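Report on the following structure.
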Amino acid sequence: MDAHGGPYLNMRTLCSPLGAARLCQLAMGCAVIAMVTHSAGYSGSQGVFCMAAWCFCFTMSVLVFFLDATRLYSCLPISWDNLTVTCAAFATLLYVTASVVYPLFFVRSECPYAGCDVRNFRIAVTVCSILGTLAYGAEVALCRARPGQTMVGYMATVSGLLKVVQGFVACIIFGALANRSEYSRYVATIYCVVVYAFCFVLTALVVIMTVCGRTKAVRCMSFDRFVVVCTLLEVLLYLSASVVWPVFCFDTKYGSPERPSSCPQGRCPWDSKVVVAVFSFVNFGLYVADLIYSQRIRFVSSHARTNSRV
């Protein structure tokens, strides 16, 4: 028993829908990693990404579950509720990506040279990865702010969850930029890269300030107003980048509107430019939605709710 007369372990973590979702995350993560290392296998940059995503999410889930079950999170100078929903949302996106990439590159209907056992293991890996995605998505759904709640952590709101998605999409854009995108050919495309980097840093700053409980660090305005100002700036910047990038990449004066026939598969600059253009519009839409939702929320990010759970 602890000093307050309660059990040492947090029974809410062990015996609740949220606890069940986290246990499922651990089970699916362990199963995926074990099957991949045992027989399913992986290779190339796509396989490395999938394995890194699964290992990262499994490690993160172990830490979250352990700290929550033992109540040791109360020793950390963070907003625990904001941290856990952020981790769950990010893990959901990683699992979704891995659940698409792995079968796309490694699962075939016919048996590979290594035999049908390898194919069957790869199918099982895909199924467990999809189940892991559902488990992480369930945690996000359980922690998400409900209509009518007057006090919620910012990261549990739609606006907060959109921040995680925006950062993830920005990482996709950076990956495409690094893959022979030829962004340094024109000043205009360099400007777009600066916009993507600046908006990513601004989004990450909002998330970090929320998770670390440093929302009062903004002295000239309230934090929710600061979020709205940042989001409006990001909307304007992404709008400009979403117009400038396609013009300087696909207009006949600067580039090619069609994919060159001689361009090698997987190493074609034109493909990377298309990925950047598409996800620029995706992130622009996410920032617009974020701006709309951020007008309607009120949240708290102090340790009040966290301490009340101890």
| remark: Those residues of segment 211-232 that are among the hydroxyl-bearing types (Ser, Thr, Tyr) and open to solvent by less than 40 Å² (accessible area, probe 1.4 Å) come to a total of 2
| task | Sort out which residues of segment 110-122 are open to solvent by 70 Å² or more (accessible area, probe 1.4 Å) and at pLDDT below 75, and write them in order of number. | result | 113
| query | Taking into account only those residues within segment 261-275 that are open to solvent by less than 50 Å² (accessible area, probe 1.4 Å) and assigned to a loop (DSSP other than H, G, I, E, B), which is farthest from residue 185 (Cα to Cα)? | reply | 263
| said: I'm checking my understanding of the structure. Among residues of segment 65-85 that are free of Cβ contacts under 8 Å to residues at least 60 places away in the same chain and over 21 Å from the mean Cα position of the chain (by Cα), which one is least open to solvent (accessible area, probe 1.4 Å)? | reply: 68
| query | Quick one: how many residues across segment 151-198 are within 25 Å of residue 209 (Cα to Cα) and not in a helix (DSSP H, G or I)? | reply | 4
| query | Conditions: (1) at pLDDT 90 or above; (2) surrounded by fewer than 16 Cβ atoms within 10 Å (Cβ to Cβ); (3) within 19 Å of residue 119 (Cα to Cα); (4) not acidic (Asp, Glu). Residue 23 meets all but one. Number of the miss? | reply | (3)
| field | Boolean, residue 95 is in contact with a Cys (Cβ under 7 Å, 6 or more places away or on another chain), buried (at least 18 other Cβ atoms within 10 Å of the Cβ) and either closer than 26 Å to residue 211 by Cβ or β-branched (Val, Ile, Thr) (or both) | value | yes
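The values are calculated or read from the model by the stated rules, or taken from the named source; none is laboratory data. Predicted model, so just to flag it, every value in this text is computed and none were measured. Every residue, glycine among them, receives a Cβ derived from its backbone with ideal geometry; neighbour counts consider all protein chains shown. Protein only, heavy atoms only, side chains kept; ligands, DNA and RNA dropped before computing areas. Shrake-Rupley method; radii C 1.70, N 1.55, O 1.52, S 1.80 Å.
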